[in-house]
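Below: one structure, written as C-alpha cells.
Read-outs throughout are calculated quantities, based only on the coordinates presented, and are distinct from any laboratory measurement. Note that the structure is a prediction, hence the values are computed from the model and not measured. A quick note on method: Cβ atoms are made from the backbone with ideal geometry, for glycine too, and the neighbour counts reach across all protein chains shown.
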Amino acid sequence: MRMNSVFHVIDKDTWERNPYFEYYYKQIKCRYTITANVDITALREYQQDRGMKFFPLMLYVIMAAVNQNKEFRFSFDGQGNLGYWEEVVPCYTLFHDRSKTFTDIWSDYDADVYTFYHTVTADMQRYKDVSGVIKARPDQPPNFCPVSALPWLNFTSFAQDTYTENNFLFPLIKFGKYVPESIKTIIPVAISVSHAVADGYHTCKLINDMQAIADTIGT
C-alpha cells in the first residue's frame, strides 16, 4: 500500500464525537442516505474539451472530496481499533453489457487529476473482460471507498440497506444519469453514511465539496 494509507487510531477518551459514535454504533446502529443534484456543467466542458471519459473524472471528483473529509475515511483496523485512514482509494464497478452483470475493481488514488484519470482508465481497460466474479482485481486494500454508477436513470432518491450485522463505516456512493437542465447539466449523487461517524452536516459538506471540485477541476 502507498504511504498515505497510514491508519490513525482514535483516542476515544479525548475524541469529541465519542458519545455520538457510541450512541449510533451501539444503541441505534443505523445508516442514512442523502441524495442531491450536483452541477457538472464545468466538469462536462472540461471533459469534452480534452476528449476524456466521464466516469473517471466523476470518480475523481468524488474521491477528492472524500479525501478532504476524514469522517468518510473511518474504519476499524485489524486489531479492532477505531480510526481513520490518511487516504482512501476508490473501489468501483465495471458493467458487463453482454451478461448484464458487474465486477468490482480498485485503483490507487492521486490528488492530481491527470494521474488519477490515467490510472483509472488503465485499470478499467486491464480488468474490463474479467467476469463471473465479484472482485475482478485481487488484493483490495483495507482503505477503500465504494463508488458505483447507475447511468441508465436520473434518480431523485436512492435507499440502501443490509440485513446482517457489520462494522462497515465507509460511505457507499452512487451517481446516476446526468441530464441537461436549462443551461446546466446536473447529476444525482446518493451517499449512504454510517451515522456513527458522520452527521447531516458532514454529508452536506462532502456534497458541497464535490460541487466545488466539479466547478474548478483542472484549475
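List the chymotrypsin sites (Phe, Trp or Tyr not before Pro) within region 95-179 that DSSP assigns to loop and that have no more than 10 neighbouring Cβ atoms inside 10 Å.
Working: sites: Phe95, Phe102, Trp106, Tyr109, Tyr114, Phe116, Tyr117, Tyr127, Phe144, Trp152, Phe155, Phe158, Tyr163, Phe168, Phe175, Tyr178; in loops: Tyr109, Trp152, Phe155, Phe158, Tyr163, Phe168, Tyr178.
Hits after loop and neighbour filter: Trp152, Tyr163.
Could you work out the helix-only [θ] at 222 nm for the chain, with each DSSP H run of four or more residues adding -39,500 (n - 2.57) and the total divided by the number of residues, to the nearest 500 deg cm²/dmol? Provide the component values of the computation, followed by the final result.
Details: 5 runs with 60 residues, N = 219.
Helix contribution divided over all residues of the chain: -8500 deg cm²/dmol.
List the DSSP H helices in the chain whose Cα atoms stretch 15 Å or more along the helix axis and whose mean Kyte-Doolittle hydropathy is at least 1.0. Don't skip to the end; give the middle numbers.
On the way: long enough: 54-66 (18 Å, 2.35); 113-127 (21 Å, -0.39); 200-216 (24 Å, -0.20).
Passing helices, by number: 54-66.
Test of understanding: in a Gaussian network model of the chain with alpha carbons linked when under 10 Å, which of Ser182, Ser157, Ser148 would top the mean-square fluctuation ranking?
With Cα springs under 10 Å in the chain, the top fluctuation among Ser182, Ser157, Ser148 is at Ser182.
I need the P(r) histogram for region 109-151: all alpha carbon pairs, bin width 5 Å from 0 out to the longest distance, whole percents.
Result returned by the calculation: 5, 16, 19, 36, 19, 5, 1.
Pull up the cross-link candidates among the lysines for Lys26, meaning alpha carbon to alpha carbon under 29 Å and not fewer than 8 places away within one chain.
Once the sequence-local lysines are set aside, what remains near Lys26 is Lys12, Lys70, Lys174, Lys205.
Out of the GluC sites (Glu not before Pro) in region 1-92, which ones are loop residues according to DSSP with at most 16 other C-beta atoms within 10 Å? Spell out each step's value before the answer.
Details: sites: Glu16, Glu22, Glu45, Glu71, Glu86, Glu87; in loops: Glu16, Glu86, Glu87.
When the GluC sites (Glu not before Pro) of region 1-92 are filtered for loop state and at most 16 Cβ neighbours within 10 Å, Glu16, Glu86 remain.
Can you list the aspartates and glutamates whose alpha carbon sits under 20 Å from that of Lys135, skipping same-chain ones fewer than 8 residues off?
The qualifying aspartates and glutamates are Asp97, Asp104, Asp108, Asp123.
Non-local amide H neighbours of Val6 (under 5 Å, H modeled in plane, Pro and chain starts lacking H): which ones?
When sequence neighbours closer than 5 places are left aside, the close amide H contacts are Glu86, Glu87.
Pick out, in residue order, every one of the trypsin sites (Lys or Arg not before Pro) in region 62-148 that is DSSP loop and has at most 15 other C-beta atoms within 10 Å; say none if there are none. The partial results should precede the final answer.
Values: sites: Lys70, Arg73, Arg98, Lys100, Arg126, Lys128, Lys135; in loops: Arg98, Lys100, Lys128.
Answer in residue order: Arg98, Lys100, Lys128.
Three principal axis extents, largest first, for the C-alpha atoms of region 146-219, in Å?
Cα extents, longest axis first: 45, 28, 20 Å.
By a straight-distance test (C-alpha under 17 Å), which lysines pair with Lys53 as possible cross-link partners, with residues fewer than eight away in the same chain excluded?
In chain and number order, the partners are Lys128, Lys177.
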